[in-house]
Amino acid sequence: MSLGNLEDLFLHELKDTYDAEKRMTKALPKMARAASSEKLQQAFRKHLAQTETHVERLERIFKMLNKPARGKKCMAMTGLIEEGSELMSEAGTEATIDAGLIGAAQKVEHYEIAAYGTMATYAELLGLNEAEKLLKQTLAEEKKTDEDLTQLASSINFQAENPDSHAEDGETSSRRGRKGGRSTSNSSGRGRRGGKKDGSVFSQMGEALSTMVGG
Ligand SMILES: [Fe+2]
Ligand SMILES: [Fe+2]
């Protein structure tokens with residue numbers, strides 16, 4: 001499509017984000033299954049429900065513009081999801097994998113925050129008040145999700161850094177493949193111990209990204 005004016009660019013961004021959100025409705029259930037922490041699983045499931053609403057809001061905006069709701073392959077989201085999938089296939093301790101999943105999810109949220117912030121500005125400039133309102137609603141939810149993930153990371157990063165600790169308010173009993181009871185310090189891992197280093201890198205990335213957007 002040719003980009004002759006801001007309205008063309010707005011439609012272009014809508015299509016990109018529509019594709020991105022639809023990809024996330026497929027990725028989030030996998031991320032929830034890959035997470036060991038029950039709180040993290042819940043966070044991913046909650047955001048899945050929100051993401052389905054985000055898709056619907058975009059469809060409403062397409063309708064307002066009298067355009068068919070059609071996505072255009074979002075290369076960025078494809079890449080971010082690909083990176084998350086690679087992480088899920090790694091061996092490692094549960095807390096370290098969880099910390100990595102949080103980092104991967106926050107990268108997605110930051111991409112979406114940029115996309116919705118941009119689209120809301122375009123909608124405002126184009127005088128599309130209803131669209132602007134819907135985009136700002138989604139923007140607020142993406143920001144809140146990012147904040148919630150930062151909150152979860154504070155305990156999960158600590159666990160990844162200290163695999164022998166029982167830091168997270170009783171959450172050690174939710175270790176993958178384990179039902180009930182507290183796991184002993186030596187039985188809490190599900191693979192090689194080398195994951196410790198990776199956890200620190202991921203936590204730093206998450207914190208660095210949060211700092212970048214002031215979240
Ligand atoms: Fe979204
Ligand atoms: Fe999101």
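The values are calculated or read from the model by the stated rules, or taken from the named source; none is laboratory data. Keep in mind that what you see is a predicted model, and the values were worked out from it rather than measured. All Cβ positions, even for glycine, are placed from backbone atoms using ideal geometry, and neighbour counts span all protein chains on display.
Here the stretch 1-41 is the region considered, the condition is being surrounded by fewer than 14 Cβ atoms within 10 Å (Cβ to Cβ) and closer than 20 Å to Leu149 by Cβ, and the residue that is farthest from ligand 1 (Cβ to nearest atom) is Glu38.
Restricting the first member to the stretch 153-165 and to residues that are free of Cβ contacts under 8 Å to residues at least 24 places away in the same chain, and the second to residues that are among the charged types (D, E, K, R), the beta-carbon pairs closer than 8 Å and six or more apart or on different chains are Ser155/Glu168; Ser155/Asp169; Ser155/Glu171; Phe158/Glu168. Against the criterion of being within 14 Å of ligand 1 (Cβ to nearest atom) and acidic (Asp, Glu), Glu82 does not qualify.
Yes or no, residue by residue, for (1) within 12 Å of ligand 2 (Cβ to nearest atom); (2) not in a helix (DSSP H, G or I):
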site	(1), (2)
Ala43	yes, no
Lys63	no, no
Pro68	no, yes
Gly79	no, no
Leu87	no, no
Glu90	no, yes
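Looking only at the stretch 1-33, residues that are in contact with a Lys or Arg (Cβ under 9 Å, 6 or more places away or on another chain) and small (Gly, Ala, Ser) come to 1 in all.
Beta carbons closer than 8 Å, at least 6 apart along the sequence or on distinct chains, pair a first residue in the stretch 90-118 that is farther than 22 Å from Lys136 by Cβ with a second that is among the hydroxyl-bearing types (Ser, Thr, Tyr) and at pLDDT 95 or above for Glu94/Ser36; Glu94/Ser37; Ala95/Ser36; Ala95/Ser37; Ile97/Ser36; Asp98/Ser36; Asp98/Ser37.
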